[in-house]
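Some notes on the structure that comes next.
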Amino acid sequence: MAHPPLEDMLLFFSIGRFCRKSKLRIIGSGFPAKAPEIYAKLHSMTPFLRKLLGQNWLLLLTMLALAVFGVVAIYSATSTRTDAYAADFWRKQANWVAVGVFAFMVTSLIHYRWIRWGALPMYLAGIVFLILTKFIGTKVYGARSWLHLGPINFQPAQLAVVAGIMVLAIFLTQFREMHPMLRLLLSGAIAAAPCLLILMQPDLGEVIIWIPVLLALWFVGGLPLRYLICVILIGIAFIPIAINFGLKPYQQQRITAFTHPDIDKQGSAWAINQSLIAIGSGGWSGKGFKAPNTQIELGFLPATAVHNDYIFSAIGEQWGFVGGILLIGGFALLLMTCLFVAFLAGDQLGLLLVVGISALIFTHIFQNVGMTIAMLPITGVPLPLISYSGSFVLMIMFGLGLVNSVWIHRKIPA
């Protein structure tokens, strides 16, 4: 029997326990001595077991480590709160993480090409939920962005973004021969429908998320570079018009606080200045887990947002530079694993799905961390897998499940 392809070596080494139970010896270095026997044993397993053992373990473990750290960070950031509602945040987050892990595993084991049938209904459901949010949604921090359906409380914008990525991936794959300008306009319309509804809430942060995601999908989807450059230049030209005529007064104040943080330290610039003080006071190793007399405990960081929008500020104060760097390193490992999956994707659809999900996660990380260290204006975007956000954790894990599915099914022909 011929030896398996080189890329199967990762699978061989990742199931060493299975090989030992099957009484197949593995030499400590180099290629397994009985690789043909292992290869035959793998292909004699049931498809379910092969998928279960062949998933991307680095992706799974990194995601779980970040999610668990997020629960710990939320507990530490809210431990000094006296109200019972805030004290329960970490438990609710842990429950959402458990549901998210289940969604991750189910999505991983189902072939990602199922989205050809499931993406459009999810997209349309997201649109319907966004319309319902306009009329019966709950207003939080000035934006009517939360929808209550029985016991479930979630943000439809997050569902719309992930479903939009799936629909765009299918569209850009199916219509590769269409004229680039027409592809650009139609894919832009697919993204514009939820964007307009999200802007009406208004939730500018989630709309901004769409921009790099859409650009990444266009670039990988094969649109000519000259079209993308024109889109970027037109967007830059419209920024002054959008700031002066398209933003609400409080959004304009956030821009002013970002560009001139010393103008109104007790007003619009209060949060960003306190965030910088919290991160700076953490020093090298931080003040410690559940440390007393912190910006968090004294209430200088917004108590209503320290566990979600400003969770990185809390981590910087309690865990210091080391904790912040380790967290960013964990995100870097997660994103590099996703890009590795994209590199080995079996088809264009899988490639676009992974790129879209990776761009979504990266943009959230960049915006959240950037606004807490005054690199970007405050937009109220949560930190993936870390911030207390409930349904957002579920959607991110669902997206990573799609990435894992692309990895598991990369060798199965269309």
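Taken together, the values in this text are just the output of simple stated rules run on the coordinates, not laboratory data. Treat the numbers as computed from the prediction; the structure is a model and nothing was measured. Glycine gets a Cβ as well: all are built from the backbone with ideal geometry, and neighbour counts include every protein chain shown.
Observations
- Amide H contacts of V306 (H built 1.01 Å from N, under 5 Å, at least 5 apart or other chain): none
- Report note on the peptides 108-120, 310-322: ranked by the mean count of other C-beta atoms within 10 Å, highest first, their order is 310-322, 108-120.
- Listed peptides 369-381, 177-189, 125-137 by packing density, highest first (mean Cβ within 10 Å): 369-381, 125-137, 177-189
- What the pair-distance distribution of the stretch 267-380 shows, using all Cα-Cα distances binned every 10 Å from zero, is 14, 39, 26, 15, 6, 0 percent.
- P(r) for the stretch 326-408, from all Cα pairs and a bin width of 5 Å, is 3, 15, 24, 23, 17, 11, 5, 2, 0 %, short bins first.
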